[in-house]
Amino acid sequence: MSCDSVRARLSSYVDGELPHGEAAEVAAHLDGCAACREEREGLEALIVACRSLPRAETPHPEALWARIDAELEAAPSTGEVSWWAGWRARLLGEGWRSWYWTPAVGALVAVLALAGTWGLRTPRAQVAPVPAAAPAPSLSDDALWRDAEASFETAEMHYLRAISDLRRLASREEESWPEDRRRSFDEALAQLERATATCRAAARDRHRDPEAQAVLYRAYREQISFLQESLLRRAGAHP
Amino acid sequence: MRMPTPIGASLLCLCGVCVLAGLARADDLEGDVVYLPMPAGETLTVDNRLGTLRLRGWDEPQVRIVATKRAREAGMLDRLKVRVDLQGGKLAITAGVYFSDGWRPVPLAGAGIDLTIDAPRAMAVRASTFHGFIDAAGFQAGAHLESQQGEIRAADIRGPVDTRSLEGRQLLQGIHGPLDANGIEGDLDLESIDGETLGATVFKGQITAREVRSPVVRLRTTVGSIIFVGALMRGGHYDLDTIDGDVRLVLRPTPFRLLARAPMGKVTSGFALVKVRRTSAGTGTAGADEAAGAGQVEGAFQGGGALLELVSAKGSISLTAGR
């Protein structure tokens, strides 16, 4: 089994979801491949970190919605603008090197939480009722879902791998950061992880809802961009 | 076995062309080629998680949608549908598949729909794919392009453009508006960009920017090099940062002020900089060949003009004169 094949299956392997024969092949490859072992360790560390976070409560749509509404009310208004408009405002209005994590992350968490529950509150009209003339299924729904879920899983693997790589980089760099910066970074990251966990729980609960997957990907992207920004800002600090 | 949809020229002539005039809400398209009158089109939203997407701005007051289905099993073809939702000037096109309990836009490896859409240039575009590429050109009201694992290509677009991809190259040319390009893995190639701002960020991949005429430029990679080729705008601000990669500039000689930092590599400049300061060698003045060394270089060429802030945390930085 090649490294690519193994890495494509690592997520399922770590979760114990691979068929026995396939799991044995992956295990044999891991025994002899240090790079793939490192991938597995990174993924396991991330999963452990995510699992150790407080599990997002099963969303009660109305109560949760009210809470999110309240959070949004309290969030700085920058969290409500579009990504592009926010970027431009930061870029042109406030100067590049004067960003601070906490308010932005607070707003982001509120927005992510909103996004994470949005799919639960208002299932969009993408799942249409079957019209009278709907085509008769030839393949089983389960077979189709397996196909779709394999795509979701591959994409998720890529996001998790990027996050794992960035976290590894960050944990190395963090040692040289000032204490207060390190603390605010850790707090902000923890907030983001909790928001991502909420989105992940929503995606798991509604694992056949493509919109829930899209929201989860957005959460991963936000985490990646936060980690990248943190690393680059420290690297780019001109004395 | 892959079963192509019957989209031959003869079929197109006989039955494949439909004109939908009274479309008011979500409907499934029937036919491989569909025309929608769109005299005052505002926005075009396309979500094709089932295949590739080619978008072209044209001068006709209508939208043409060409759908090409493919499936390993013939029975699947009927289950693949393109849904169109028209609300005033807002057109949404979504590709999906029928399950026994309804229609859903999901990515499939075993079946798909490739879309080619021509639409009025004035429509603002918002498009996404999952595995397939997006190729958009000729629009005048901006574009938001997003793909999980497909390549993104955009050319000749006016207005704000932003892109997102998880995995895949991005090739953006002739963007006449603010550009914000984001990728996680994959190279970013930018050429002939002249909006007021250019921002490009990638986690793993090389950023290459040629002939950029934006006064505010920010290019950042975590793992990968940054290459900038062309001229600097007088008064422009260029911020090029990488952690694990080199920063290389090939510049036509124009005045600039330089702040370059490469703590683990070296900074070399083919330009005669004045007031060069190096952390390793103190402060002084250096000629073209002398402005090389580890650490930090600060200086000005021809009295300064554009501001260049360059960082490579683990690689090197070089500036060379080009034509």
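Things to note:
- Residue in the stretch A:218-227 that is surrounded by fewer than 21 Cβ atoms within 10 Å (Cβ to Cβ), within 14 Å of the chain's Cα centre (by Cα) and under 20 Å from A:Arg40 (Cβ atoms) present: no
- Only strands (runs of 3 or more DSSP E) whose full extent lies in the stretch B:1-99 are considered here, and the ones with at least 2 residues that are of a type in the set (Val, Ile, Thr) and modelled with pLDDT of 80 or more are B:33-37, B:43-48, B:62-71, B:80-87, B:90-99.
- In the stretch B:112-119 there is no residue that is in a loop (DSSP other than H, G, I, E, B) and in contact (Cβ under 8 Å) with a residue 24 or more places away in the chain.
- Among the residues of the stretch B:193-234, the ones that are closer than 19 Å to B:Leu319 by Cα, in a strand (DSSP E or B) and away from every other protein chain (no Cβ under 12 Å) come to 10 in all.
- Residues that are modelled with pLDDT under 85 and not in a loop (DSSP other than H, G, I, E, B), drawn from the stretch B:264-295: B:Lys275, B:Val276, B:Arg277, B:Arg278, B:Gly282, B:Thr283, B:Gly284, B:Gly293, B:Ala294, B:Gly295
- Cross-chain or 6+ apart pairs with Cβ under 7 Å, the stretch A:185-197 first and in a helix (DSSP H, G or I), then surrounded by 19 or more Cβ atoms within 10 Å (Cβ to Cβ) and among the β-branched types (Val, Ile, Thr): A:Ala188/A:Val105; A:Gln191/A:Val105; A:Gln191/A:Val109; A:Leu192/A:Val105; A:Leu192/A:Val109; A:Ala195/A:Val109
- Residue satisfying all of: in the stretch B:161-176; within 16 Å of B:Lys204 (Cβ to Cβ) and touching a Phe, Trp or Tyr at 6+ places or on another chain (Cβ under 8 Å); surrounded by the fewest Cβ atoms within 10 Å (Cβ to Cβ) among these: B:Gly168
- B:Ala95 falls short on exactly one of the conditions (1) within 20 Å of B:Arg153 (Cβ to Cβ); (2) without any contact (Cβ under 8 Å) to a residue 24 or more places away in the chain, and that condition is (2).
- In the set (1) touching a Phe, Trp or Tyr at 6+ places or on another chain (Cβ under 6 Å); (2) on the phi > 0 side of the Ramachandran plot, the condition left unmet by B:Ile157 is number (2).
- In summary, B:Gly150 fulfils each of the numbered conditions (1) within 14 Å of chain A (Cβ to nearest Cβ); (2) small (Gly, Ala, Ser); (3) assigned to a strand (DSSP E or B) with the single exception of condition (3).
- Scope the stretch B:252-263; condition surrounded by fewer than 21 Cβ atoms within 10 Å (Cβ to Cβ) and part of a strand (DSSP E or B); matching residues: B:Arg257, B:Leu259, B:Pro263
- Scoring B:Leu166 on the criteria (1) within 29 Å of A:Arg168 (Cβ to Cβ); (2) more than 11 Å from every other protein chain (Cβ to nearest Cβ) leaves a single failure, condition (2).
- No other residue among A:Asp141, A:Asp186, A:Asp165 is closer than 30 Å to B:Ala74 by Cα and either modelled with pLDDT under 90 or not hydrophobic (A, V, I, L, M, F, W, C) (or both) apart from A:Asp141.
- Annotation note: of A:Ala195, A:Ala212, A:Ala201, A:Ala150, the sole residue that is of a type in the set (Gly, Ala, Ser), at pLDDT below 90 and surrounded by fewer than 21 Cβ atoms within 10 Å (Cβ to Cβ) is A:Ala201.
- Residue satisfying all of: in the stretch B:221-270; within 21 Å of the chain's Cα centre (by Cα) and among the small types (Gly, Ala, Ser); nearest to B:Glu185 (Cα to Cα) among these: B:Gly224
- Qualifying residues in the stretch B:215-255 (those that are in contact (Cβ under 8 Å) with a residue 60 or more places away in the chain and basic (Lys, Arg)) - the one farthest from A:Arg234 (Cα to Cα): B:Arg252
The values are calculated or read from the model by the stated rules, or taken from the named source; none is laboratory data. These numbers come from a predicted model, not from an experiment. Every residue, glycine as well, gets a Cβ built from its backbone with ideal geometry; the counts of neighbours run over all protein chains shown.
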